[in-house]
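**Q** One structure, as structure tokens, below. Some questions next.
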Amino acid sequence: MASKEYSEPSSVLIVGGGSAHDFDRWFNLEDSKTISETGALVRYTDQPENISAVLSQIDVLYLSNNQPMPATGEFRNSIFDFVESGNGLLLVHAATWYNWEDWPEYNRELVGGGTRSHEPFGEFQVEVTDTGHPIMESVPSTFSIIDELYHFEPDESGKEIHILAKGIVPDSGEEYPIAWTLIHGKGRIVGLTLGHDGKAHYHHAYRTILKNSIEWLNDEHSID
């Protein structure tokens, strides 16, 4: 799949749907409004089988879903080809989970790890570990948020991730990545575990990270 030579504005497809979240309310309606502030054209679907047909028309694929996705090699290869050819992939909240046991390459190569559990919904502190990264521009170096703190673990056999921020468990002090980047082929990927409900989607830091991520994923400069 050839990368697209796009004039502004960029185009983003948000994919939602599945269990335990109000995908339409938060990932569709709210995040679409937030991303639109960057000037991007945003569309949403909760039908993953429709993704492949529109990949040639978009610059950034934003996955938030935990519902089943087509198990065909053609579909899965289209996602990998999209990123490898130089496009952007944004993986938010439920999309950073280990959702598909028969698709280990997704977590190993695109997510750089995964999550199988989380802290109870509640308040925790976030510490930015790379304050100089463009995705963390205008994000406070520390902030508190009410959300699910995912127990995300990088995969030692997977793609190396660059951690941008970590969440801290209130009682134990354990730390888990909540925002990171990685490179796959010519494409850029951003992972963000925040986003359970409105406590996150209305949060200034979440909204800033989301907008910065879209802009970074569309930037042609190197990760360094």
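The values are calculated or read from the model by the stated rules, or taken from the named source; none is laboratory data. Computed from a predicted model, the values in this text were never measured in an experiment. Every residue, glycine among them, receives a Cβ derived from its backbone with ideal geometry; neighbour counts consider all protein chains shown. Note: areas computed on protein heavy atoms with side chains; ligands, DNA, RNA excluded. Shrake-Rupley method; radii C 1.70, N 1.55, O 1.52, S 1.80 Å.
**Q** Of everything in the stretch 186-213 that's in a helix (DSSP H, G or I) and touching a Gly at 6+ places or on another chain (Cβ under 8 Å), which residue is surrounded by the most Cβ atoms within 10 Å (Cβ to Cβ)?
**A** Filtering the stretch 186-213 for residues that are in a helix (DSSP H, G or I) and touching a Gly at 6+ places or on another chain (Cβ under 8 Å), the one surrounded by the most Cβ atoms within 10 Å (Cβ to Cβ) comes out as Tyr206.
**Q** When the stretch 113-165 is examined, which residues are found to be buried (at least 16 other Cβ atoms within 10 Å of the Cβ) and in a loop (DSSP other than H, G, I, E, B)?
**A** Listed by number, the residues that qualify are Glu119, Thr129, His133, Val139, Glu148, Leu149, His151, Phe152, Asp155, Gly158, Lys159, Ile161.
**Q** Another question, then. Which members of the stretch 175-185 meet the condition of being surrounded by fewer than 20 Cβ atoms within 10 Å (Cβ to Cβ) and either in contact (Cβ under 8 Å) with a residue 60 or more places away in the chain or part of a helix (DSSP H, G or I) (or both)?
**A** The answer is His184, Gly185.
**Q** Going through the stretch 100-123 one residue at a time, which ones are farther than 22 Å from Gly185 by Cβ, polar (S, T, N, Q) and without any contact (Cβ under 8 Å) to a residue 60 or more places away in the chain?
**A** Listed by number, the list holds a single entry, Ser117.
**Q** Would you pick out the residues in the stretch 149-200 that are under 30 Å from Asn77 (Cβ atoms) and β-branched (Val, Ile, Thr)?
**A** Scanning the stretch 149-200 gives Ile161, Ile163, Ile178, Thr181, Ile183, Ile189, Val190, Thr193.
**Q** Let me ask you something else. Pull out all pairs, ordered by first then second residue, where Cβ-Cβ is under 7 Å, the residues are six or more apart or on different chains, the first lies in the stretch 65-91 and is within 13 Å of Gly185 (Cα to Cα), and the second is among the polar types (S, T, N, Q) and open to solvent by 40 Å² or more (accessible area, probe 1.4 Å).
**A** Hits for this filter: Ser85/Ser3; Gly86/Ser3; Asn87/Ser3; Gly88/Asn218.
**Q** Would you be able to tell me the number of residues in the stretch 9-51 that are assigned to a helix (DSSP H, G or I) and either open to solvent by less than 40 Å² (accessible area, probe 1.4 Å) or modelled with pLDDT of 95 or more (or both)?
**A** So the count comes out to 16.
**Q** Tally time: how many residues in the stretch 155-173 are closer than 15 Å to Gly122 by Cα and not polar (S, T, N, Q)?
**A** 6
**Q** Any residue in the stretch 193-206 that is on the phi < 0 side of the Ramachandran plot sitting within a Cβ distance under 6 Å of a residue that is of a type in the set (Ser, Thr, Tyr)? List the pairs, counting only those 6 or more apart or interchain.
**A** Taking only residues 6 or more apart or on different chains, the pairs are Thr193/Thr96; Thr193/Tyr150; Leu194/Tyr206; Ala200/Tyr206.
**Q** Turning to a different aspect of this structure: Answer yes or no: is there a residue in the stretch 90-102 that is touching a Lys or Arg at 6+ places or on another chain (Cβ under 6 Å) and either open to solvent by less than 10 Å² (accessible area, probe 1.4 Å) or more than 20 Å from Gly18 (Cα to Cα) (or both).
**A** no
**Q** I would also like to ask the following. With (1) closer than 29 Å to Asp59 by Cβ; (2) at pLDDT 95 or above as the list, and Trp100 as the residue in question, which single condition is left unmet?
**A** Exception for Trp100: condition (2).
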